Amino acid sequence: MNADNLLASRRTFFISRLTWSLILLAVSALVSAGMLYAIFHYEARLKGELRDTQARAEASRVRLARAQDDEQEIRAYIDRYRELIARGRTQPERRLDWVEALRHSREARRLPGMEYEIAPQRPLDAKREASGGHAFLTSPMRLDLLLLHENDLLGTLADLAASQTALVSPQRCTIERLPPGAAGGAQLKAACEIDWITLQEKL
């Protein structure tokens, strides 16, 4: 074999090896790219599943918190129900007794002034019903008082709470100071919204 043939044979051998090396390199690159794609796809899927799991956990937490709030509200209604039963407050509302309790409190505490307005009776909460065929009803009242001092307000509310014909539930009260020389020597003016709550048998 002459030198030219030997050189050509070696060149063919190296080209063949280079070709296979390039083919293997290309195959390795494709495999690596496929693996990277699979990894990224798997990671994205895991992140999506994690987000879904977190969303479900948050939704469960919200439902649990709502259930706990509902449980507390139900317990509060049960406590009201038991108190009304224990104190015999399952009779129809007796507004004359309430008016008398207001008059007695004003006289006993010598309040400079008292005005009130009792709204028509309505269900306390249409979404809630007491057991045993009974329903909670409320008669909202607006109560305006002229006070000599802050304790007059607390004392008046305590007087009303001592009533045996309804459960008195103050919703909100505001107090403002009066200028000197107000009627009857009043120092303060209070405005309250109060619920008179009764438990009555549903017809």
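Scanning the stretch 152-177 for residues that are farther than 13 Å from W98 by Cα, touching a strand residue (DSSP E or B) at 6+ places or on another chain (Cβ under 8 Å) and modelled with pLDDT of 90 or more turns up D152, L153, P170, Q171, R172, C173, T174, I175, E176, R177. For the stretch 134-161, residues that are assigned to a helix (DSSP H, G or I) and hydroxyl-bearing (S, T, Y) total 1. Of all residues in the stretch 146-179, those being farther than 25 Å from R94 by Cα and among the β-branched types (V, I, T) number 2. For A76, the requirement of being within 29 Å of R142 (Cβ to Cβ) and modelled with pLDDT under 65 is not met. Being at pLDDT 90 or above, out of contact with any Asp or Glu (no Cβ under 6 Å at 6 or more places or on another chain) and in the same structural domain as M114 (by TED's automatic domain parsing) is the requirement here; does D144 meet it? When the stated conditions are applied, D144 does not pass them.
The values are calculated or read from the model by the stated rules, or taken from the named source; none is laboratory data. These numbers were taken from a predicted model, which means no experiment stands behind them. A quick note on method: Cβ atoms are made from the backbone with ideal geometry, for glycine too, and the neighbour counts reach across all protein chains shown.
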